[in-house]
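The values are calculated or read from the model by the stated rules, or taken from the named source; none is laboratory data. Note that the structure is a prediction, hence the values are computed from the model and not measured. Positions of Cβ are backbone-derived with ideal geometry, glycine not excepted, and every protein chain shown enters the neighbour counts. The protein model used for the area step is the full one, side chains on, heavy atoms only, and it has no ligands, DNA or RNA in it. Shrake-Rupley method; radii C 1.70, N 1.55, O 1.52, S 1.80 Å.
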Amino acid sequence: MVCDTRLQTFGDSKTSDDVSTPLDRALLLHLRKVSDLAITDAATAVAENYKQSKFVDIEIWTKTGFTRGLQNLAATAELGELTVRHVEDAASRLIDLLAIRQSILLESGLTLSKELASKNLIDEACITITRARDEPEALITLQNMQSKIGLNYLTRRSHVWLDETLFARLQR
C-alpha cells in the first residue's frame, strides 16, 4: 500500500498515481512477480484500470455483486487470469485461497485491508510513505497508517528511507 503523509492512498485523479513514485511502482511489480495471486477490490480495480497481468493471476472481489463493468478474462500464454468474484465474506475466501496458494498479494484499498486485518489475516504488509519531509515524519505516518488499517499485530518492522520515501515492511 502507498500513502502520503496525510494518509491519503490516492489523490485528485482518484488513483494511486498521485501518491506513488517510480520506485514504489517497481516494488509493486516485484511483489507481483513473486506472488501467485493478487487480490483487489472492485473499487480499486476500476480506479486503477486493472487489466490482466504478465506476472500473476488477479482476483477482483465485489461485496455488492456490482462488477462495475469488470469481466472475467481467461489466462493466455502471455497473461494471467483475471477473475471477478462476488465475495460476501472476505476472510473465508482468503482462508480458502491460502489452502491452495503459496503467496497472495493484497493490492486493495483501506476497506478490504481493514476487514482482513481485523481477523489478523495479513501476515506481512509493505507500506510506502511518500512526500515526507524527513524520515522521522515518515515513521510517524507509518505508525498512523498501521493503526488505521489495524495492523498493530504485525510487530516486526523494517524500513528503508530512500529518495524522500519510506519503504516499510511489517511482519508477524
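Of note:
- Qualifying residue in region 152-166 (condition: touching a Phe, Trp or Tyr at 6+ places or on another chain (Cβ under 9 Å) and among the aliphatic types (A, V, I, L, M)): yes
- Entry remark, region 92-108: residues being buried (at least 18 other Cβ atoms within 10 Å of the Cβ), part of a loop (DSSP other than H, G, I, E, B) and not hydroxyl-bearing (Ser, Thr, Tyr) number 1 in total.
- Given (1) under 30 Å from residue 136 (Cβ atoms); (2) not in a loop (DSSP other than H, G, I, E, B), number of the condition residue 10 does not satisfy: (2)
- Number of the condition not met by residue 145 [criteria: (1) within 23 Å of residue 25 (Cβ to Cβ); (2) more than 19 Å from the chain's Cα centre (by Cα); (3) not basic (Lys, Arg)]: (2)
- Residue satisfying condition, being open to solvent by 50 Å² or more (accessible area, probe 1.4 Å), at pLDDT 95 or above and closer than 19 Å to residue 9 by Cα, within set 26, 75: 26
- Against the test of being part of a helix (DSSP H, G or I), out of contact with any Gly (no Cβ under 6 Å at 6 or more places or on another chain) and surrounded by 14 or more Cβ atoms within 10 Å (Cβ to Cβ), the options 138, 125 yield a single qualifying residue, 138.
- Any hit, region 49-57, residues being buried (at least 19 other Cβ atoms within 10 Å of the Cβ), under 15 Å from the mean Cα position of the chain (by Cα) and among the aromatic types (Phe, Trp, Tyr): no
- Residue within region 150-172 that is buried (at least 20 other Cβ atoms within 10 Å of the Cβ) and assigned to a helix (DSSP H, G or I) present: no
- Residue list for region 54-65, restricted to those being touching a helix residue (DSSP H, G or I) at 6+ places or on another chain (Cβ under 7 Å) and closer than 20 Å to residue 113 by Cβ: 56, 60, 61, 62
- Residue that is nearest to residue 107 (Cα to Cα), among those in region 1-40 that are of a type in the set (Ser, Thr, Tyr) and in contact (Cβ under 8 Å) with a residue 12 or more places away in the chain: 40
- Of the criteria (1) open to solvent by 40 Å² or more (accessible area, probe 1.4 Å); (2) part of a strand (DSSP E or B), which one residue 84 fails: (1)
- Residue check, residue 112 more than 29 Å from residue 49 (Cβ to Cβ) and surrounded by 18 or more Cβ atoms within 10 Å (Cβ to Cβ): no
A quick yes/no check of all residues on (1) within 22 Å of residue 29 (Cβ to Cβ); (2) acidic (Asp, Glu):
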site: 88; (1), (2): no, yes
site: 91; (1), (2): no, no
site: 104; (1), (2): yes, no
site: 116; (1), (2): no, no
site: 154; (1), (2): no, no
site: 164; (1), (2): yes, yes
site: 167; (1), (2): yes, no
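- Residue pairs meeting the criteria (Cβ under 8 Å; at least 6 apart or on separate chains; first over 14 Å from residue 105 (Cβ atoms), in region 41-54; second in a helix (DSSP H, G or I) and of a type in the set (Val, Ile, Thr)): 43/111
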